[in-house]
1. For the condition at negative phi, of a type in the set (Phe, Trp, Tyr) and loosely packed, with under 14 Cβ neighbours inside 10 Å, what is the one hit in Tyr165, Tyr108, Tyr146, Tyr103?
2. Which condition from (1) crowded, with 18+ Cβ neighbours inside 10 Å; (2) out of contact with any Lys or Arg (no Cβ under 7 Å at 6 or more places or on another chain) is the one that Leu98 breaks?
3. Quick one: what pairs do we get from region 91-120, first residue closer than 18 Å to Leu148 by Cα, second among the polar types (S, T, N, Q) and in a helix (DSSP H, G or I), C-beta under 7 Å, 6+ apart or different chains?
4. So, in region 54-90, how many residues would count as being of a type outside the set (Ser, Thr, Tyr), closer than 21 Å to Tyr108 by Cβ, assigned to a helix (DSSP H, G or I) and without any contact (Cβ under 8 Å) to a residue 40 or more places away in the chain?
5. Looking at the structure I just gave you, is Gly177 part of a helix (DSSP H, G or I), surrounded by 15 or more Cβ atoms within 10 Å (Cβ to Cβ) and either touching a residue at least 12 places away in the same chain (Cβ under 8 Å) or out of contact with any Phe, Trp or Tyr (no Cβ under 7 Å at 6 or more places or on another chain) (or both)?
6. Can you name the condition, by its number, that Asn152 falls short on among (1) among the polar types (S, T, N, Q); (2) outside any helix (DSSP H, G or I); (3) modelled with pLDDT of 85 or more?
Amino acid sequence: MQFPRGPVTNALVAINLVIASILLVPSWWQNAVISGGLSPIRLSSSSAAFPDIGFLVPAFLTPLSAAFLHGGIAHVVMNMLMLLLIGKMVERVLGGGLYLALYIGSAYVAAAMECLASFMDWPMSMNMMVPAIGASGAISGVIGTYVLLFPNKKPKAWGPIPAEYARPLQLTIAWAGLNLALGFVGPGLGISIAIWSHIGGFIAGLLLARPLLLWRYRQS
């Protein structure tokens, strides 16, 4: 079986790896994270409390800029391997343009979910002053779309819930459970995980899968 081509996936992976390589200089990485990371406080009425370092990515762009910043080589390699494994399959079905829209849209929904968790002080939410970084929220959206496009078995009804709704609901519960478990284990291993970002991105991928697929085939 030939691995599908995926020019947009390849480009996303290349950009992330180049940025991660450039930011191996510690002072550059720190400034990039502060200026371009997702900090919920910048989107709140208390944004004046955020440190002024001379240059800041506009707050409305930080959900996207944060998705191109990582906490080191291991972090970016893990995320990019996951994107390569599933991204090309999704890109093949949706096409490059809609796939990129899915990726960006998922990044924004993931950021909104993480910020909401911080504002509402949900369990295991991030500190409002600490920038969150990483592509995992956007990649979670790609995963959400992937599991709907390529089910491992025929979806079935869940009691009175029809199969077309039961499948996304079951997947959401499973994904949320997995990430909540990681949220408990992560701190003990010295790992900070933006679990609400993962959950938000995944839900975005589930919700966007069908509309994007319909759009794709209407244009073909």
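The values are calculated or read from the model by the stated rules, or taken from the named source; none is laboratory data. Remember, it's a predicted structure, so these values are computed and weren't measured experimentally. Positions of Cβ are backbone-derived with ideal geometry, glycine not excepted, and every protein chain shown enters the neighbour counts.
1. Criteria check complete, one pass: Tyr165.
2. Here Leu98 clears every test but (2).
3. Glu91/Thr9; Leu102/Thr145; Ser106/Ser140
4. Count: 3.
5. no
6. Asn152 satisfies every listed condition except (3).
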